[in-house]
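Enquirer: Pasting a structure here, questions to come.
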Amino acid sequence: MTIAVSIVPVTVYQQNCSIIKCETTGKAAIVDPGGDSERILAAVEQLGGEVEKILLTHGHMDHCAASDVLRKQLGVPIEGPEEGDRFWIDKLPEWCQMANFPHADAFEPDRWLHDGDTVTVGEAQLNVLHCPGHTPGHVVFIYEPQKVAWVGDVIFAGSIGRTDFPMGNHEQLISSIRDKLFAQGDDITFIPGHGPNSTLGQERQTNPFVADSRYG
């Protein structure tokens, strides 16, 4: 089962929103629509997919603020994150106002996700890992057949997610990366919430925060 992926940087934070399309069915999912919904929909049209759902890694505004708008516009469900991020989504209007970010209403996902769940895009099945630390309800999506993962703000090329936000936890984040993500294999290419793609193997070798040399 082959998927096609288009990455669309959105908002002033240049957050990597992804469109995943199942090549067999043409069905598509939007991952982390933080804003700029028209730009996202233009990318969907260019990819040629029919959106059937929205997937969220976590509840920070730059990853989810356009979710409810797109849900209503497209008539599709929102799946994710894990329910530990409910307080982030419930307070979206306040966070947006404090950050001078475009307004977004609070919303309720159609499905909260849990560690070990799966989500589908057409006939493609993605595995769900609960990887708290950056936020308590952060999840990661992994498509094993093509060795690709959507990791939100858990890990970046050469860096890791911030843990100074409410209910962030540095030790928990390190554990999520080293015990859960790295266990998926060095050959996994990941699409982070910001910045360029990398591989888990590259980060295991060179990332100054979580490399084996730091913990060996």
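Enquirer: Go over the candidates Glu45, Glu50 one by one and state the one that is in contact with a strand residue (DSSP E or B) (Cβ under 9 Å, 6 or more places away or on another chain), farther than 22 Å from Pro81 by Cβ and among the acidic types (Asp, Glu).
Expert: Glu50
Enquirer: If Gly75 satisfies every condition in (1) farther than 25 Å from Gly161 by Cβ; (2) surrounded by 14 or more Cβ atoms within 10 Å (Cβ to Cβ) but one, which is the exception?
Expert: For Gly75, the exception is condition (2).
Enquirer: Restrict the check to the stretch 131-149 and report whether at least one residue is surrounded by fewer than 20 Cβ atoms within 10 Å (Cβ to Cβ), farther than 20 Å from Met1 by Cα and either among the aromatic types (Phe, Trp, Tyr) or within 12 Å of the chain's Cα centre (by Cα) (or both).
Expert: No; the residues of the stretch 131-149 include none that is surrounded by fewer than 20 Cβ atoms within 10 Å (Cβ to Cβ), farther than 20 Å from Met1 by Cα and either among the aromatic types (Phe, Trp, Tyr) or within 12 Å of the chain's Cα centre (by Cα) (or both).
Enquirer: In the stretch 157-177, what residues are within 17 Å of Trp88 (Cβ to Cβ), of a type in the set (A, V, I, L, M) and part of a loop (DSSP other than H, G, I, E, B)?
Expert: Once the filter is applied, which keeps residues that are within 17 Å of Trp88 (Cβ to Cβ), of a type in the set (A, V, I, L, M) and part of a loop (DSSP other than H, G, I, E, B), the stretch 157-177 yields only Met167.
Enquirer: Please enumerate the residues belonging to the stretch 147-188 that are of a type in the set (A, V, I, L, M), out of contact with any helix residue (DSSP H, G or I) (no Cβ under 9 Å at 6 or more places or on another chain) and either at pLDDT below 95 or under 23 Å from Pro33 (Cβ atoms) (or both).
Expert: Hit for the stretch 147-188 is Val148, nothing else.
Enquirer: So Ala42 passes all but one of these: (1) closer than 17 Å to Val8 by Cα; (2) out of contact with any Phe, Trp or Tyr (no Cβ under 6 Å at 6 or more places or on another chain); (3) touching a residue at least 24 places away in the same chain (Cβ under 8 Å). Which condition number does it fail?
Expert: (3)
Enquirer: Any chance the stretch 34-53 includes a residue that's under 14 Å from the mean Cα position of the chain (by Cα) and of a type in the set (Val, Ile, Thr)?
Expert: no
The values are calculated or read from the model by the stated rules, or taken from the named source; none is laboratory data. If you're wondering where the values come from, they're calculated on a predicted model, not measured in any experiment. Neighbour counts are summed over all protein chains in view; Cβ atoms, including those assigned to glycine, are modelled from backbone coordinates with ideal geometry.
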